[in-house]
Amino acid sequence: MTWFKNATIFRLGDKPDAIQLNEQLAKRPFQPCGGLDWFSEGWTPPAGHLEQPVFVTRGHMLLNLRREDKVLPAATIRAAVDAKVAEIEAKDHRKVGRKEKLALKEQVTDDLLPRAFTKPFRVSALISGGWLIADTGSSPRAEALVSKLREALPPFPAALPRTKTAAHAAMTDWLAAGNAPGAFELDSDAVLKDGGENGAEVRVSRIDLTSDEIRQHIATGKQVTKLGLIWNEKIRFQLTDTLQLKRIQFLDVLQDEASQAGDDRESLFEATFILMSEELGELVEALVEALGGLEDSQQHKEAA
């Protein structure tokens, strides 16, 4: 089990039924890219020892979307087209026109695509309580995962969380005050940005965030767009103004606890997943509370 390194968070309107979700994802397995396909994506078991696409334990679910993209640089296509154009012009003693070049480009692409290299990546996600947490810092990849879930189990209501206090405003207030609320504490890195036309940005790392230097940046009107935090002395991460968690580090106290669950692969996998799901779920709940709670529309969804 690999600990999540990032978290893009979605609020679920309704928690999906695990059995139904498993059945629907099993109908959409990952298949490698075909000859003329630019990409392929589908669901795979979250670990090598598993057979089903959804791993479920203690009410938590883990799933894995895999994607494969063909790598065919534009320069490679252009060079092959230029070679064909030169060959035709030398053989037929005529100029190759624009429409013919476009047709040659399509032909060359079709010829090269089956032999192109592929670039694979995967996005794992867990469902815990009222949250879907995707292990990615890329918004497009997270949205693509949710889109595939909607295809499998429509309408799959999931939305980015909307809190009563904007993340950038809260982080700026925390930094100005020199402390974070509740079980959160300031770490040693931040990004501050000027809201003016020049958009000046200041990045600080391995620095005391309660220093006068930091307060001076805030006094000149800069807003915090990324802030290093430690939660409950267990998880270190960077919070962004879009409510993403990046550079997540599960500290030794959690990793030691997981490792004591057993020596075999299956036991360690399950223990790590349970621990990670519960801790991340609690962190997200605490973070939302620190930001004033969810907007009323998303609270109503929870009650439904």
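Given DSSP loops and a limit of at most 14 other Cβ atoms within 10 Å, what is the longest stretch of the chain that contains no such GluC sites (Glu not before Pro)? In short, 52-196. Reducing the range 1-20 and the range 102-163 to their Cα centroids gives an inter-centroid distance of 15 Å.
Which of the three applies to the range 1-143, rounded, prolate or oblate, going by the alpha-carbon gyration tensor with a ≥ b ≥ c and a/c under 1.5 meaning rounded?
Details: a/c = 3.70, a/b = 3.12, b/c = 1.18.
Prolate, since a/c reaches 1.5 and a/b exceeds b/c.
3J(HN,Hα) couplings calculated from phi for the range 212-225 with the Karplus curve 6.51 cos²θ - 1.76 cosθ + 1.60 (θ = phi - 60°) are, in sequence order, 4, 4, 5, 4, 5, 4, 5, 4, 8, x, 6, 10, 7, 10 Hz; Gly and Pro show x. The HN-Hα couplings worked out from phi for the range 119-126 by the Karplus form 6.51 cos²θ - 1.76 cosθ + 1.60 (θ = phi - 60°) are 10, x, 8, 9, 10, 8, 8, 10 Hz, whole numbers, x standing for Gly and Pro. Taking trypsin sites (Lys or Arg not before Pro) as exposed when their DSSP state is a loop state and no more than 16 other Cβ atoms lie within 10 Å, the longest site-free interval of the chain runs over 207-304.
If I take every Cα pair under 8 Å that is 6 or more residues apart in the chain, average their sequence separation and divide by the length, what percent do I get for the relative contact order?
22
Estimate the FRET efficiency between Lys99 and Leu160 by the formula 1/(1 + (r/R0)^6), using the beta-carbon distance for r and 51 Å for R0, to the nearest 0.05. About 0.70, to the nearest 0.05. Per residue, the convex hull spanned by the Cα atoms of the range 123-258 amounts to 144 cubic angstrom. I'd like the distance between the alpha-carbon centres of the range 187-238 and the range 28-92, rounded to an integer number of Å. Distance between centres, Cα-based: 39 Å.
For the chain, the longest principal axis of the C-alpha atoms and the axis of helix 265-290 are separated by about 70°. In the elastic network of the chain, a GNM with C-alpha springs shorter than 10 Å, the most mobile of Ala86, Ala144, Ala47 is Ala86. For the range 51-74, backbone nitrogen atoms closer than 17 Å to the point 7 Å from Arg265 Cα along Cα-to-C-beta are found at 51-53, 55. Please list, in order, the residues from the range 119-138 whose amide nitrogen is less than 15 Å from a point placed 7 Å along the Cα→Cβ vector of Arg247. Residues 137 fall inside that zone.
Remind me, relative contact order of the range 214-255 in percent, using alpha carbon pairs under 8 angstrom and six or more residues apart? Reported as a whole number, the value is 28 percent. Cross-link reach is defined here as a Cα-Cα straight distance under 20 Å, omitting same-chain residues fewer than 8 places apart; for Lys105 the lysines meeting it are Lys70, Lys84, Lys91, Lys95. Computed over the chain with a Gaussian network model linking Cα atoms closer than 10 Å, the most mobile of His217, His168, His60 is His217.
Using only the alpha-carbon atoms, how far is helix 167-177 inclined from the longest principal axis of the chain? Give it as 0 to 90 degrees, nearest 10. Around 40 degrees separate the two axes. Can you give the FRET efficiency to the nearest 0.05 for Gln299 and Leu72, using r as the Cβ-Cβ distance and R₀ = 45 Å? E between Gln299 and Leu72, to the nearest 0.05, is 0.40.
Please state the shape class of the range 74-114: rounded when a/c is under 1.5, otherwise prolate if a/b exceeds b/c and oblate if not, all from the C-alpha gyration tensor.
prolate
By how many nm would the segment from Glu143 to Val202 lengthen if fully extended, with 0.36 nm per residue of separation less the alpha-carbon distance?
Separation in residues times 0.36 nm, less the Cα-Cα distance, equals 18.3 nm.
Largest mean-square fluctuation among Leu149, Leu65, Leu113, in a Gaussian network model of the chain whose springs join Cα atoms under 10 Å apart, belongs to Leu113.
Within 14 Å, Cβ to Cβ, of Glu100, how many net charges do the neighbouring residues add up to if Lys/Arg are +1 and Asp/Glu are -1? Can you show the working numbers first?
Working: positive: Lys84, Lys91, Arg94, Lys95, Arg98, Lys99, Lys101, Lys105; negative: Asp82, Glu87, Glu89, Asp92, Glu106.
So the surrounding residues net to +3.
Shown is the FRET efficiency for Arg115 and Lys91, computed with R0 = 35 Å from the Cβ-Cβ distance and rounded to the nearest 0.05: 0.90. Remark on Ala158: its backbone amide H falls under 5 Å from those of Gly13, a criterion applied only to residues 5 or more positions apart or on other chains, H modelled at 1.01 Å from N.
Label positions at Ala176 and Glu106, each projected 7 Å from the Cα along the C-beta direction, are separated by 6.0 nm.
Each reported figure results from applying straightforward, stated rules to the coordinates on display, with no laboratory input. Source: prediction; values computed, not measured. Every residue, glycine as well, gets a Cβ built from its backbone with ideal geometry; the counts of neighbours run over all protein chains shown.
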